[in-house]
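Visitor: Got a structure for you, written out below as structure tokens; questions coming shortly.
Values quoted throughout were computed directly from the atomic coordinates according to the rules given, and no laboratory measurement underlies them. Nothing here was measured: the structure is a model prediction, and the numbers come from that model. As a convention, Cβ positions derive from the backbone with ideal geometry for all residues, glycine included, and neighbour counts pool all protein chains shown.
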Amino acid sequence: MDKSIKEILWNQFGASIDMLINAISNSPDNYFTTHRRFYYIAFHSTIFLDYYLTLPPSNFSPQLSFTQKEAKNRPKEAIDDLIPDKIYDKQEILEYIKQSREKCKQIIYALTDEKLNERFKEGDEPNDMDYPILEILLYNMRHTQHHTAQLNMLLRQDIDKHMEWSFRAGDIDSEQ
């Protein structure tokens, strides 16, 4: 696979992750722990960033534990069925994202034409994901962007906090 394509893919995916880190790290500590919708979006984004980078997905072993719960047993602020087993602090979430960021970079820079033909395959059920590696990477980037936008919107609406835009990986200081 062409080196420049890897660099482009990493610059854009890395920027998406940097913006996620930036939104979470710039949320006030009390807001992060008390605004449950923000917290559940941050947790969900963190878990799925790692999950979609796990090849094969059957090897997924999250660093932060959760329980899958039926709709009637979920907090109303939850955005899916993955409910954290405890309220993780902001630093735990950020460390996990940073590790996934490095994992993502390694995956992208290790891509070859052969690896592009491998698949992210969850199982054999009709709704199970079965994507080529490049497609799951793009899917993951879109998923990260989607939830980062939600976090940014909540910060803007609730505390009038504006987040920086990242043009490429590493161009914003997300440790503020």
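Visitor: Consider ILE79 against the criteria (1) closer than 20 Å to SER25 by Cα; (2) not in a helix (DSSP H, G or I): it satisfies all of them except one. Which criterion is unmet?
Guide: (1)
Visitor: For ASP171, all conditions in the list (1) assigned to a loop (DSSP other than H, G, I, E, B); (2) loosely packed, with under 11 Cβ neighbours inside 10 Å hold save one; what is the number of the exception?
Guide: Result: ASP171 passes all but (2).
Visitor: Taking into account only those residues within region 36-48 that are of a type outside the set (A, V, I, L, M, F, W, C) and out of contact with any Ser or Thr (no Cβ under 8 Å at 6 or more places or on another chain), which is nearest to ASN59 (Cα to Cα)? Before the answer, list the steps.
Guide: Taking region 36-48 first, the residues of a type outside the set (A, V, I, L, M, F, W, C) are 36-37, 39-40, 44-46.
If we keep only those that are out of contact with any Ser or Thr (no Cβ under 8 Å at 6 or more places or on another chain) as well, we get 36-37, 40, 44.
On the way: ARG36: 29, ARG37: 29, TYR40: 24, HIS44: 18 Å.
It comes out as HIS44.
Visitor: Further, regarding this structure: Going through region 63-76 one residue at a time, which ones are in contact with a strand residue (DSSP E or B) (Cβ under 9 Å, 6 or more places away or on another chain) and part of a loop (DSSP other than H, G, I, E, B)?
Guide: Of the residues in region 63-76, the ones in contact with a strand residue (DSSP E or B) (Cβ under 9 Å, 6 or more places away or on another chain) are 64-69, 73-75.
Across region 63-76, the qualifying residues are LEU64, SER65, LYS69, ARG74, PRO75.
Visitor: Within region 100-114, work out how many residues are exposed (fewer than 15 other Cβ atoms within 10 Å of the Cβ) and either among the small types (Gly, Ala, Ser) or over 15 Å from LEU9 (Cα atoms) (or both). If you could, list the steps in order and put the result at the bottom.
Guide: So in region 100-114, the residues exposed (fewer than 15 other Cβ atoms within 10 Å of the Cβ) come out as 102-103, 106, 109-110, 112-114.
Filter once more, keeping what is either among the small types (Gly, Ala, Ser) or over 15 Å from LEU9 (Cα atoms) (or both): 110, 114.
Qualifying residue count, region 100-114: 2.
Visitor: Could we say that LYS105 is in contact (Cβ under 8 Å) with a residue 60 or more places away in the chain, of a type in the set (D, E, K, R), touching a Gly at 6+ places or on another chain (Cβ under 7 Å) and under 27 Å from PHE167 (Cβ atoms) here? Give the steps one after another, and end with the answer.
Guide: Numbers: in contact (Cβ under 8 Å) with a residue 60 or more places away in the chain: yes; of a type in the set (D, E, K, R): yes; touching a Gly at 6+ places or on another chain (Cβ under 7 Å): yes; under 27 Å from PHE167 (Cβ atoms): yes.
Considered against the rule, which asks whether it is in contact (Cβ under 8 Å) with a residue 60 or more places away in the chain, of a type in the set (D, E, K, R), touching a Gly at 6+ places or on another chain (Cβ under 7 Å) and under 27 Å from PHE167 (Cβ atoms), LYS105 comes out as yes.
Visitor: Sticking with this one: Within the group GLN91, GLN145, which residue is under 30 Å from ASN26 (Cα atoms), assigned to a helix (DSSP H, G or I), of a type outside the set (A, V, I, L, M, F, W, C) and free of Cβ contacts under 8 Å to residues at least 24 places away in the same chain? Don't jump to the end; show me each part of the working.
Guide: Details: GLN145 fails: free of Cβ contacts under 8 Å to residues at least 24 places away in the same chain.
Criteria check complete, one pass: GLN91.
Visitor: What residue, among those in region 102-142 that are assigned to a helix (DSSP H, G or I) and touching an Asp or Glu at 6+ places or on another chain (Cβ under 8 Å), is farthest from MET1 (Cα to Cα)?
Guide: Initial filter on region 102-142 (assigned to a helix (DSSP H, G or I)): 102-109, 113-116, 133-142.
Still in the running and touching an Asp or Glu at 6+ places or on another chain (Cβ under 8 Å): 103, 133.
Details: LYS103: 18, ILE133: 13 Å.
Only one residue fits best here, namely LYS103.
Visitor: Also, I was wondering about something else. Is it the case that region 14-23 has a residue that's in contact with a Cys (Cβ under 9 Å, 6 or more places away or on another chain) and in a helix (DSSP H, G or I)? Outline the logic, then answer.
Guide: Here is the first cut: in region 14-23, the residues in contact with a Cys (Cβ under 9 Å, 6 or more places away or on another chain) are 14, 17.
From the residues that got through so far, the ones that are in a helix (DSSP H, G or I) too are 14, 17.
Scanning region 14-23, I find at least one residue that is in contact with a Cys (Cβ under 9 Å, 6 or more places away or on another chain) and in a helix (DSSP H, G or I), so the answer is yes.
Visitor: Whether any residue in region 81-99 is surrounded by 13 or more Cβ atoms within 10 Å (Cβ to Cβ) and within 24 Å of MET1 (Cα to Cα) is what I want to check.
Guide: no
Visitor: Oh, and also: Under 8 Å between Cβ atoms, at least 6 apart or on separate chains: pull out the pairs that start in region 53-66 with a residue that is over 18 Å from TYR139 (Cα atoms) and end on any residue that is among the hydrophobic types (A, V, I, L, M, F, W, C) and surrounded by 14 or more Cβ atoms within 10 Å (Cβ to Cβ).
Guide: Matching pairs, first to second residue: PRO62/ILE47; LEU64/PHE43; LEU64/ILE47; LEU64/ILE93; PHE66/PHE43; PHE66/ILE47; PHE66/LEU82; PHE66/ILE83.
Visitor: Do we have LYS121 as in contact with a Leu (Cβ under 6 Å, 6 or more places away or on another chain) and of a type outside the set (Phe, Trp, Tyr) here?
Guide: no
Visitor: Ok, one more. Restricting to region 1-45, give me the number of residues that are hydroxyl-bearing (Ser, Thr, Tyr) and under 26 Å from ILE133 (Cβ atoms). Quick ask: steps written out before the conclusion?
Guide: Quick first cut of region 1-45, residues hydroxyl-bearing (Ser, Thr, Tyr) only: 4, 16, 25, 27, 31, 33-34, 39-40, 45.
Filter again for under 26 Å from ILE133 (Cβ atoms), leaving 4, 16, 45.
Total satisfying the criteria: 3.
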